[in-house]
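The values are calculated or read from the model by the stated rules, or taken from the named source; none is laboratory data. Being a predicted model, the structure only gives us computed values, none of them experimental. Cβ atoms come from the backbone with ideal geometry, glycine included; neighbour counts cover every protein chain shown.
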Amino acid sequence: MTDQPDLKDQLLDLAREAARRAGTFLCDGRPDDLGVAATKSSPIDVVTEMDIASEKLITDFLREHRPDDGFLGEEGASTEGSSGVRWIIDPIDGTVNYLYGLPSWAVSIAAAHHGEVVAGVVEVPTRGETFHATLGGGAFRGDTPLRVRPAPPLEQALIATGFSYVTEQRAAQAEVVRQLLPRVRDVRRSGSVAVDLCDLAAGRLDGLYERGLHLWDFAAGDLIVREAGGRSGGRPGQAPGEELTVAGSPGVFAELQPLVDGLGAWHD
Ligand code: IPD
Ligand code: CA
Ligand code: CA
């Protein structure tokens, strides 16, 4: 990045505008009876339409400004590009919350340059909050710099997690929580890991872990955590990924990563 000092700021500005537009679209365009649709035959289709439309809005906007970039989006955007920049997009993180009218959902957009995430934005429209970070440039909620909270002992730590959509994995995940719960202050399951990562960066959580996440779920939020002074990883010695993602304030991360790894949070 040193050769192009302005690039990450340019990417950040585009990501912020794209996320703002998608957030407005998702709030304004959410049918009033979407919650009712949850009890009808095709609730998932209704939500999927919003996911797809949000991703298209974002990719159309970004492509208009940077036609040579690549894309990785949860709803199917997948192109290589030729500029060295790739956009990583979750058009709604927290789809089930969006369906039910619960507030914890977000639009997550990250920009990677030659494989390294250099800018990230998480827009949480229902809270009126936008989180962002650039690599080496710090993390912010609006204009307010973010810092993770000082680490408490693990038994006083508030830990978030999430559960897979894959039924077979859920029994194993429940077993991990059963063993973790007596060792921490409490456990939260918000339904949006992008929001959880930002809450961690903002000092509203002490740590989180989850199995089965994809790059689009955590790319932006992970940068925001690290730029707020937190740490993240996968299984010990590895990067965050599908097998396991762990994040926390440094002291909590140091205890939580080996603990959940030892409890088997990464396998059935
Ligand atoms: C999901 C949310 C949820 C997490 C799941 C993700 P989606 O993303 O982040 O909190 O537990 O693992 O798949 O499906 O709402 O975009
Ligand atoms: Ca997601
Ligand atoms: Ca999603």
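Quick look at the values:
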item: Per-region count, segment 86-101, residues more than 9 Å from ligand 1 (Cβ to nearest atom) and farther than 14 Å from Pro31 by Cβ; result: 4
item: Verdict on Pro240 being in a loop (DSSP other than H, G, I, E, B) and within 18 Å of Val118 (Cα to Cα); result: yes
item: Meets criteria (assigned to a strand (DSSP E or B), surrounded by 21 or more Cβ atoms within 10 Å (Cβ to Cβ) and either in the same structural domain as Leu215 (by TED's automatic domain parsing) or in contact with a helix residue (DSSP H, G or I) (Cβ under 6 Å, 6 or more places away or on another chain) (or both)) for Ile58; result: no
item: Flag if Arg147 is within 14 Å of Ala194 (Cα to Cα) and more than 16 Å from ligand 2 (Cβ to nearest atom); result: no
item: Any hit, segment 91-99, residues being more than 14 Å from ligand 3 (Cβ to nearest atom) and either at pLDDT below 95 or not charged (D, E, K, R) (or both); result: no
item: Residue check for Val225: farther than 19 Å from Gly115 by Cα and more than 13 Å from ligand 1 (Cβ to nearest atom); result: no
item: Yes/no for Asp196 being within 20 Å of Ile88 (Cβ to Cβ), free of Cβ contacts under 8 Å to residues at least 60 places away in the same chain, within 16 Å of ligand 3 (Cβ to nearest atom) and part of a helix (DSSP H, G or I); result: yes
item: All positions within segment 123-147 that are out of contact with any helix residue (DSSP H, G or I) (no Cβ under 9 Å at 6 or more places or on another chain) and closer than 20 Å to Gly207 by Cα; result: Pro145
item: Matching option when the condition is within 9 Å of ligand 1 (Cβ to nearest atom) and surrounded by 23 or more Cβ atoms within 10 Å (Cβ to Cβ), among Arg211, Arg189; result: Arg211
item: Every residue from segment 152-175 that is surrounded by fewer than 20 Cβ atoms within 10 Å (Cβ to Cβ) and of a type in the set (A, V, I, L, M); result: Leu158, Val166, Ala171, Ala172, Ala174
item: Of residues in segment 47-78 being modelled with pLDDT of 95 or more and polar (S, T, N, Q), the one nearest to Val118 (Cα to Cα); result: Thr59
item: Verdict on Ala160 being in a strand (DSSP E or B), in contact (Cβ under 8 Å) with a residue 24 or more places away in the chain and not assigned by TED's automatic domain parsing to the domain that holds Asp33; result: yes
item: The listed residue being farther than 25 Å from Glu129 by Cα, modelled with pLDDT under 95 and in contact with a helix residue (DSSP H, G or I) (Cβ under 6 Å, 6 or more places away or on another chain), out of Pro5, Pro43; result: Pro43
item: Qualifying position, being part of a loop (DSSP other than H, G, I, E, B) and among the hydrophobic types (A, V, I, L, M, F, W, C), among Leu223, Leu205; result: Leu205
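Okay, residues lined up against (1) crowded, with 24+ Cβ neighbours inside 10 Å; (2) more than 16 Å from Arg170 (Cα to Cα); (3) in contact with a Phe, Trp or Tyr (Cβ under 6 Å, 6 or more places away or on another chain):
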{"residue": "Glu227", "(1), (2), (3)": "no, yes, no"}
{"residue": "Arg231", "(1), (2), (3)": "no, yes, yes"}
{"residue": "Pro236", "(1), (2), (3)": "no, yes, no"}
{"residue": "Glu243", "(1), (2), (3)": "no, no, yes"}
{"residue": "Ser249", "(1), (2), (3)": "yes, yes, no"}
{"residue": "Glu255", "(1), (2), (3)": "no, yes, no"}
{"residue": "Pro258", "(1), (2), (3)": "no, yes, no"}
{"residue": "Asp268", "(1), (2), (3)": "no, no, no"}
